[in-house]
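First up is the structure itself, then whatever we jot down about it.
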Amino acid sequence: MSFADPSVSELALGHMPVSQGSAGDAASPAAIRRLSHTLAAGKGPSFKAQKKAIETLKAAVASIRTGDYDAAARRCLAVLQIDEQNGLAWHVLAICREKSGHLGEALNSYEAALRLLPEDPAIAHDLARLAQRLGHLDIAEKLLLKFLTVEPGHVEGTNNLACVLRDQKRYQEAVDVLRDLIQIEQTSPTLWNTLGTVLSDQGQMRESLTFFDESLRLDPDFAKARYNRANVLQPLGEPERALADLEQAMGGAETTYEHAMMRMARAMVLMGLGRLKDGFEAYEARLDPEMPEAMRVVIDAPRWTPQSQPLAGRRILVMGEQGIADEMVFGGCLPDVLEAVGPEGTVFVAVEARLVDLFQRTFPTAVVGPHRTVRIDGHLTRYCPFLEEITEADAPIEGWVPMASLCAVFRQDVADFPDRDGYLKPDPEKIARWKAELEALGPGMKIGLHWKSLVLTGVRARYFSSFERWKPVLTAPGCIMVNLQCGDVTDDLAAAEAAGVTIWTPPINLKDDLDDLAALSCALDLVIGPGIAGTNIAAAIGARTWLIHAPDDWHLLATDRYPFYPRVRTFATGGFDGWPRAIAEIRAALEVETAR
């Protein structure tokens, strides 16, 4: 069994943190008691001849109880140095590595333990839980099925299998698994909570409340259910109740991972409430190493903070983070940084490689280059090779700052957002060329369309509509539709063609040629779509943009617009089932436009 690293080419942070349903902790008191009993019983290969190894592993388990995972790991390694076939030592080492955040090493150690002790169900369960956390859902499913053949009816194992099925969008299978066990374990808050997450992941928010409420009735201190209820209350229009639930849940988080997720959700609710100063400060939670996609930066310079040093005259690196859409949103603070640094300093900007030309053209006094991202030991690690060439014969970077962290400095109130069409500058020659291409399509309003994300796994899918629902927009009179959607849309375009609608696809790579995409967006009369990379590029360059947003989109900052892009027109779905209403409003707005 092996684990391949997932792709890091398309990083993006979803609207809401993921639902919390997975149960269990490899280092929970119950799990550690089980290990202690195993050691006390002297079970395992040749343990009678390895009394010293047993005593060393007992000491390692004692260190785990006190949270000293490094000391525990050293003891396990000492045992393995003598006998690398000691499966229990590999299992204890895996727990240490996982709790220390060394997830890649933890995976390897769990695999070694399972290979040596294939009949130990606890190892399979622990490995499955970590595999699910890292997105290896197919492997997690196989391990859980193996575990449940040995431990049928196990509440945690069955619950976690349902979570894996949910994350694969196999919702009915997840419901069936949970329903069968709930008939027997009717007082299990864990199962009721996970059943709620299966519904909420599909956008059935109001229906899911019943199950979260039942979970909390059974156990008012169950932090997972309170966290999940908060993530439902927010899109249902009750952010204050959501905030209260999150703040109560944080105190009962079972693991550091759960606590990080709860802090992240709280930050988003605060920003959605318009409490910008508190919200952007709390948004630092996104960088917590426990967050699944947290960015770890490798730069030979300290992290800059407002308290560490003034910006004037400094050589500061601004590191782009998360996905392309996020670099559009948070890059709006770069003019503020350039002004604060002044002519005596230098601003270095690291962005996605496909955006370098756009940012360099916009900020000619800055030094713009691409960042690169690799996954090391289960963590996303970002670095800037272009800095090595620049700084060899120059003064070193004096500090670096994550791009989104600039908002805590320069956007503490909605009034701090500049009133402007956009802040990035597309290539004027490319704009002229695209205008000529569009003119050749004939008379009519040229509309650029985006309709889905490249990442539609799990909970993200509820933020997008099926292509069929776009028919009222596609058939708006006096309009010529232009495909701006990257990825494979062959079936969608064929369906439109069969319905008598022609959508022109420009002769560029819509995923990679982002400088051309920006120019084309500017040349169009209008760009329409949900809040994905393409619509954010259009908004950031000042193209006329209509943006469809979900009910829990914190970017509105308690206003009826996007302060990051104040001229963008917004259309609210009003709920995850509200796409038909939003599409109808866009169709009506297009009819007004073409009647002028």
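So the values come out like this:
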item	result
Residue count for segment 292-301, restricted to those that are part of a loop (DSSP other than H, G, I, E, B) and either within 26 Å of Glu339 (Cβ to Cβ) or without any contact (Cβ under 8 Å) to a residue 60 or more places away in the chain (or both)	2
Qualifying residue in segment 388-398 (condition: in contact (Cβ under 8 Å) with a residue 24 or more places away in the chain, among the acidic types (Asp, Glu) and farther than 30 Å from Pro506 by Cβ)	yes
Count of residues meeting criterion [touching a strand residue (DSSP E or B) at 6+ places or on another chain (Cβ under 8 Å) and among the β-branched types (Val, Ile, Thr)] in segment 91-121	0
Any hit, segment 202-223, residues being under 25 Å from Ala122 (Cβ atoms) and either among the hydroxyl-bearing types (Ser, Thr, Tyr) or part of a helix (DSSP H, G or I) (or both)	yes
Subset of segment 60-70 that is surrounded by fewer than 16 Cβ atoms within 10 Å (Cβ to Cβ) and small (Gly, Ala, Ser) - its residue that is farthest from the chain's Cα centre (by Cα)	Ala62
Members of segment 568-584 found to be out of contact with any strand residue (DSSP E or B) (no Cβ under 9 Å at 6 or more places or on another chain) and on the phi < 0 side of the Ramachandran plot, listed by number	Phe576, Asp577, Pro580, Ala584
Subset of segment 433-449 (residues that are open to solvent by less than 80 Å² (accessible area, probe 1.4 Å) and touching a residue at least 24 places away in the same chain (Cβ under 8 Å))	Trp434, Glu437, Leu438, Leu441, Gly442, Gly444, Met445, Lys446, Ile447, Gly448, Leu449
Per-region count, segment 473-493, residues modelled with pLDDT of 90 or more and surrounded by fewer than 17 Cβ atoms within 10 Å (Cβ to Cβ)	3
Residue match in segment 353-372 (condition: in contact (Cβ under 8 Å) with a residue 40 or more places away in the chain, open to solvent by 20 Å² or more (accessible area, probe 1.4 Å) and among the hydrophobic types (A, V, I, L, M, F, W, C))	no
Residue in segment 302-310 that is under 24 Å from Ser100 (Cβ atoms), part of a loop (DSSP other than H, G, I, E, B), at pLDDT below 95 and not small (Gly, Ala, Ser) present	yes
Residues being free of Cβ contacts under 8 Å to residues at least 40 places away in the same chain and open to solvent by 20 Å² or more (accessible area, probe 1.4 Å) - total across segment 185-203	7
Filtered residues of segment 535-549 (kept if over 17 Å from Asp419 (Cα atoms) and open to solvent by 10 Å² or more (accessible area, probe 1.4 Å))	His549
Which numbered condition Gly237 fails, given (1) touching a Leu at 6+ places or on another chain (Cβ under 7 Å); (2) not in a helix (DSSP H, G or I)	(1)
Filter result (among the hydrophobic types (A, V, I, L, M, F, W, C) and surrounded by fewer than 18 Cβ atoms within 10 Å (Cβ to Cβ)) within segment 555-575	Ala558, Ala572
Breaking point among (1) open to solvent by 10 Å² or more (accessible area, probe 1.4 Å); (2) charged (D, E, K, R); (3) under 30 Å from Met205 (Cα atoms); (4) touching a residue at least 12 places away in the same chain (Cβ under 8 Å), for Asp552	(1)
Residue in segment 265-281 that is surrounded by 20 or more Cβ atoms within 10 Å (Cβ to Cβ), in a helix (DSSP H, G or I) and modelled with pLDDT under 90 present	no
Selected residue (criterion: farthest from Arg133 (Cα to Cα)) from residues of segment 374-386 that are open to solvent by less than 30 Å² (accessible area, probe 1.4 Å) and part of a strand (DSSP E or B)	Arg382
Search result, residues across segment 172-184 that are surrounded by 16 or more Cβ atoms within 10 Å (Cβ to Cβ) and in contact (Cβ under 8 Å) with a residue 24 or more places away in the chain	Ala174, Leu181
Subset of segment 79-91 (residues that are assigned to a helix (DSSP H, G or I) and in contact (Cβ under 8 Å) with a residue 24 or more places away in the chain)	Val79, Ile82, Gly87, Leu88, Ala89, Trp90, His91
Qualifying residue in segment 559-569 (condition: under 23 Å from Ala415 (Cβ atoms) and of a type in the set (A, V, I, L, M))	yes
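Matching residues to (1) open to solvent by 50 Å² or more (accessible area, probe 1.4 Å); (2) under 25 Å from the mean Cα position of the chain (by Cα); (3) modelled with pLDDT under 90:
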residue	(1), (2), (3)
Ala78	no, no, no
Gly101	no, yes, yes
Leu130	no, yes, yes
His136	no, yes, yes
Ala140	no, yes, no
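Here is a yes/no grid of residues against (1) of a type in the set (A, V, I, L, M, F, W, C); (2) buried (at least 20 other Cβ atoms within 10 Å of the Cβ); (3) free of Cβ contacts under 8 Å to residues at least 12 places away in the same chain:
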residue	(1), (2), (3)
Leu93	yes, yes, no
Glu111	no, no, no
Leu116	yes, no, no
Val150	yes, no, no
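The values are calculated or read from the model by the stated rules, or taken from the named source; none is laboratory data. Predicted model, so just to flag it, every value in this text is computed and none were measured. We place every Cβ from the backbone using ideal geometry, glycine too, and count neighbours over all the protein chains shown. These accessible areas exclude ligands, DNA and RNA; they are computed on the full protein's heavy atoms, side chains included. Shrake-Rupley method; radii C 1.70, N 1.55, O 1.52, S 1.80 Å.
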